[in-house]
Amino acid sequence: MRAYLLKEEFQFLWGYASAGWAGRFLDAWCTRAMRSRIEPMKKIARSLRAHRKLILNWFRARQLIALGAVEGFNNKLKLTTRRSYGFRVFRVVEIALYHALGNLPEPEGTHKFC
């Protein structure tokens, strides 16, 4: 029951508007999780503490970056990776990603990446 309550309480993190308040909540939640004596929750708390700076960057960038653009970028990356499964060398996959994501022109005489 305690694990369920901790999990549900953690969802309040995403409601904060500022990184400062989210950081305070995250620190307090991690402290409660470490004191809960539930090993999986302690493992999650250690992981969250290790990635605290990156988690709080999400709050800072939320107003600056449109998440739709990021999702579109990720979709394009997945699609290009899926299309390049037949390539034998990673360097060719890397070139395909540069061309698809960077919108670079394809050189003449090479394989078409479409």
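The values are calculated or read from the model by the stated rules, or taken from the named source; none is laboratory data. These figures come from a predicted structure and were not determined experimentally. Using ideal geometry, Cβ is built from the backbone for each residue, glycine included, and neighbour counts are taken over all protein chains shown. For the accessible areas, the whole protein counts, side chains as well, though only heavy atoms, and no ligand, DNA or RNA atoms are used. Shrake-Rupley method; radii C 1.70, N 1.55, O 1.52, S 1.80 Å.
General remarks:
- For the chain, calculated [θ]222 nm from helices alone, where every DSSP H run of n ≥ 4 adds -39500 (n - 2.57): -21500 deg cm²/dmol
- Counting only alpha carbon atoms, the long axis of helix 39-50 and the longest principal axis of the chain meet at about 60°.
- Evaluating 6.51 cos²θ - 1.76 cosθ + 1.60 at θ = phi - 60° for every residue in region 14-26, the Karplus couplings come out as 6, x, 6, 8, 10, 5, x, 5, 5, x, 5, 5, 4 Hz, glycine and proline recorded as x.
- Max mean-square fluctuation residue, GNM over the chain, Cα-Cα springs under 10 Å, options Arg91, Arg52, Arg62: Arg91
- Option label - P(r) over Cα pairs in 5 Å bins from 0, in percent computed here, alternatives [x] 2, 12, 22, 23, 18, 11, 7, 4, 1, 0, 0; [y] 2, 11, 17, 19, 19, 16, 11, 5, 1, 0; [z] 2, 10, 15, 13, 10, 9, 10, 11, 9, 6, 3, 1, 0: [z]
- Exposure of Ile65 as accessible area (Å², to 10), given a probe of 1.4 Å and all protein chains: 90
- Think of each Lys and Arg Cβ as +1 and each Asp and Glu Cβ as -1; about the Cα centre, that makes the dipole of the chain roughly 600 debye.
- Count Lys and Arg as plus one, Asp and Glu as minus one, and take only other residues whose Cβ is under 12 Å from that of Gly23; the net charge is then +4.
- Relative contact order (%) - the chain, alpha-carbon pairs under 8 angstrom, separation at least six: 18
- Karplus 3J(HN,Hα) series, Hz, for region 69-81 with 6.51 cos²θ - 1.76 cosθ + 1.60 (x for Gly, Pro): 5, 5, 4, x, 4, 5, 4, 5, 5, 4, 5, 5, 5
- Dipole of the chain, positive direction: furthest Cα of Val70, Leu26, Tyr16, with charges on the beta-carbon: Leu26
- In nm, spacing of pseudo-spin labels at Asp27 and Val89 (7 Å Cα→C-beta vector): 5.2
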